[in-house]
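The structure appears right after this line, and notes come after that.
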Amino acid sequence: MKIANEIREYQNIINGNLLSSSGGHLDSIDPSTGKVWATIPCGTKEDAELAVETANEAFVDWSTLVPTDRATYLRKVGDYIVQHGEELAALETQDNGWVFRETQYGLIPSLASFWYDAAGATAIASKGETVQLGPTCTGYTLREPFGVVVGIIPWNAPLFTFTVKAAYALAAGNTVIIKPSELASVASLRYGELINEILPPGVLNVVSGLGNEVGETLVRHPKVKKVSLTGSGGTAKAIANSTAENPKPMILELGGKSPNIVFEDADLDKAAYGVSLNGIFSGNAGQFCVGGSRILIQRSIFDKMITKMKNLLNEQIQLGHTMNPTSTMGPIANAAQYEKVCAYIAIGKEEGGEIIFGGRHGGGTLLPEHPELVDGYWVEPTLIQVDNNSLRICQEEIFGPVATVIPFDTEEEAIAIANDTTYGLGAGIWTSNLNRTQRLIRQIESGNVWINTYRRVGPELPFGGVKESGFGTDSILEYTREKTCYIESE
Ligand code: NAD
């Protein structure tokens, strides 16, 4: 796949039309080079309002389709995006730096699987319950869509978060507006354009622009009946304030500080791979919400595990051009996040953490032999050993290729450290002791627990958080509401 050199212009998709905005445009930066590669619309309040009116009108026909007809549309979307998989994967890669070998072979097939799963679930979204209440009265529930649903998505995995919101909201009969992050909107705008070649106009709209302009207008709008945010806790609070006068149900998928706990009875080779390469140091440089950013290792195996992890990182992490099939880890997705990650490495040192792997950053330092990449936002995979979970680098979400490594002695100590966080998104436990597994699954405070594996996610099971990691999941029934009916026949 070749990357085009000219700067491409992308447009909003409203009512099936490609529209530029009176607000002008924003530059999109390729994080591997630090250079502008595309422009996206800087949407306005008027663009957002037009999208809401459009989606509201389209709701009338879309919501009354027979479920199997909606399913036919969604299956076609799944097929169509697979046909355009290489193009979409390349756009996602250039948008946020996630290496092409993962966006092409991992991300795109998984997107299709969500569209197919949603297609198979359209009937479930219409099923209610019936109760006979004595000889003359029948009670039953109807499941109905909400109406216009807004999906606000982040920069770290735009196509994935777009898909899990849109596929299930549409399957249930809602119409949808996606607001991508102003820091990575290109792949979403093109994705929306392709999906609009299949769906009727107005059913799915994409409006790019700033969060406090387009995002805020959308979530405040009285005709928007449900909001699903994947983003930070700060944005969740801003949306709660914006909707305070006109409350509406929300799904919140927020940040994390997930623990990955390795016990002495684990398969250490499997665990070393699971907590390092799979757990956090993957193709999008640790910028995923369930990154296992706190690695807890039992003291008796601490040195052995660290050696295994370092060997894997040395052998298998290759920074380099994100389209190159040999590159296994990309850059930080944008300049602000790069500054943040670098600052946390410095804070870790000031707090007394010991950098036991990596710690360097900057294209000039890490990739001097690639002049085109020296202005990119590159950070080495970094392990910081600490002995105190109350440090800022153990409590605050860094969202990059930086993990703290914390030794522990007993199971009780491990679970106390694991739960000592305001977040509760994911947790990994590496052990061969089944009784311990059963105990810890109950004790751990997180929405997802992985035993002897990590980060497995798919359409078959829900994905959500507890504590400050949010509530609700992007799944079919969450995009329906129940209406209760009583029919008295005499
Ligand atoms: P962010 O909260 O800064 O932005 C997310 C989206 O919200 C963007 O589209 C932004 O424009 C919009 N927004 C900002 N202010 C708004 C407002 N006032 N009203 C409406 N919309 C507004 O998040 P980010 O930096 O793009 O993404 C990183 C965060 O996302 C991390 O905290 C990460 O953990 C989280 N995340 C969570 C999950 C999950 O499933 N739990 C998945 C991926 C990312």
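The values are calculated or read from the model by the stated rules, or taken from the named source; none is laboratory data. Treat the numbers as computed from the prediction; the structure is a model and nothing was measured. Every residue, glycine as well, gets a Cβ built from its backbone with ideal geometry; the counts of neighbours run over all protein chains shown.
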Revision key, fill the gap. Of the residues in the stretch 211-239, those that are more than 8 Å from the ligand (Cβ to nearest atom), in a helix (DSSP H, G or I) and either buried (at least 24 other Cβ atoms within 10 Å of the Cβ) or over 20 Å from the mean Cα position of the chain (by Cα) (or both) come to GLU213, THR217, ARG220
Review point. Out of all the residues in the stretch 315-328, is one or more among the small types (Gly, Ala, Ser), over 21 Å from TRP155 (Cα atoms) and modelled with pLDDT of 95 or more?
Key: no
Review point. Can you tell me how many residues in the stretch 328-358 are surrounded by 14 or more Cβ atoms within 10 Å (Cβ to Cβ) and either at positive phi or among the polar types (S, T, N, Q) (or both)?
Key: 4
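On the basis of being within 16 Å of the ligand (Cβ to nearest atom), within 25 Å of LEU312 (Cβ to Cβ), in contact with a strand residue (DSSP E or B) (Cβ under 8 Å, 6 or more places away or on another chain) and modelled with pLDDT of 95 or more, does ALA403 make the cut? Write out each step before concluding.
Values: within 16 Å of the ligand (Cβ to nearest atom): yes; within 25 Å of LEU312 (Cβ to Cβ): yes; in contact with a strand residue (DSSP E or B) (Cβ under 8 Å, 6 or more places away or on another chain): yes; modelled with pLDDT of 95 or more: yes.
When the stated conditions are applied, ALA403 passes them.
In the list GLU380, GLU413, which residue meets the criterion of being over 26 Å from the mean Cα position of the chain (by Cα) and more than 16 Å from the ligand (Cβ to nearest atom)?
Working: GLU380 fails: over 26 Å from the mean Cα position of the chain (by Cα).
Being over 26 Å from the mean Cα position of the chain (by Cα) and more than 16 Å from the ligand (Cβ to nearest atom) holds for just one of GLU380, GLU413, which is GLU413.
Out of GLY120, GLY139, report the one residue that is farther than 21 Å from LEU461 by Cβ, surrounded by fewer than 20 Cβ atoms within 10 Å (Cβ to Cβ) and away from the ligand (no atom under 16 Å from the Cβ). First the steps, then the outcome.
Numbers: GLY120 fails: farther than 21 Å from LEU461 by Cβ.
Only one candidate qualifies: GLY139.
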**Study point:** Given (1) of a type outside the set (Lys, Arg); (2) within 27 Å of PRO158 (Cβ to Cβ); (3) touching a residue at least 24 places away in the same chain (Cβ under 8 Å), number of the condition GLY234 does not satisfy
**Key:** (3)
Point to revise | Checklist (1) over 23 Å from the mean Cα position of the chain (by Cα); (2) more than 30 Å from PRO371 (Cβ to Cβ) applied to ASN12, failing item | key: (1)
Study note, to complete from the structure: Scanning the stretch 240-260 for residues that are of a type in the set (D, E, K, R) and within 11 Å of the ligand (Cβ to nearest atom), the one farthest from GLU397 (Cα to Cα) turns out to be GLU253
Review point. Are any of the residues in the stretch 182-195 acidic (Asp, Glu), assigned to a loop (DSSP other than H, G, I, E, B) and within 8 Å of the ligand (Cβ to nearest atom)?
Key: yes
**Study point:** Among the candidates ILE301, ILE261, ILE280, ILE295, residue that is surrounded by fewer than 24 Cβ atoms within 10 Å (Cβ to Cβ), touching a strand residue (DSSP E or B) at 6+ places or on another chain (Cβ under 8 Å) and at negative phi
**Key:** ILE301
Practice item. Tell me, please, whether a residue that is in contact with a helix residue (DSSP H, G or I) (Cβ under 7 Å, 6 or more places away or on another chain) and within 15 Å of the ligand (Cβ to nearest atom) can be found in the stretch 271-280. Key: no
Practice item. Mind listing just one residue for me: the one in the stretch 461-490 that is acidic (Asp, Glu) and either within 14 Å of the chain's Cα centre (by Cα) or at pLDDT 95 or above (or both) and, of those, nearest to the ligand (Cβ to nearest atom)? Key: ASP474
Review point. Any residue at all in the stretch 40-51 that is in contact with a helix residue (DSSP H, G or I) (Cβ under 8 Å, 6 or more places away or on another chain), surrounded by fewer than 23 Cβ atoms within 10 Å (Cβ to Cβ), under 12 Å from LEU199 (Cα atoms) and not hydroxyl-bearing (Ser, Thr, Tyr)?
Key: no
Check your understanding: Can you find even one residue in the stretch 332-346 that is without any contact (Cβ under 8 Å) to a residue 24 or more places away in the chain, under 17 Å from GLN318 (Cβ atoms) and in a loop (DSSP other than H, G, I, E, B)?
Key -> no
**Study point:** Residue list for the stretch 319-340, filter: aliphatic (A, V, I, L, M) and in contact with a helix residue (DSSP H, G or I) (Cβ under 8 Å, 6 or more places away or on another chain)
**Key:** LEU319, MET323, ILE332, ALA333
Review point. If we keep just the residues of the stretch 437-460 that are within 16 Å of the ligand (Cβ to nearest atom) and either aliphatic (A, V, I, L, M) or part of a strand (DSSP E or B) (or both), which is nearest to GLU253 (Cα to Cα)?
Key: ASN448
Review point. Would you pick out the residues in the stretch 474-490 that are part of a strand (DSSP E or B) and surrounded by fewer than 16 Cβ atoms within 10 Å (Cβ to Cβ)?
Key: GLU482, LYS483, THR484, CYS485, TYR486, ILE487, GLU488
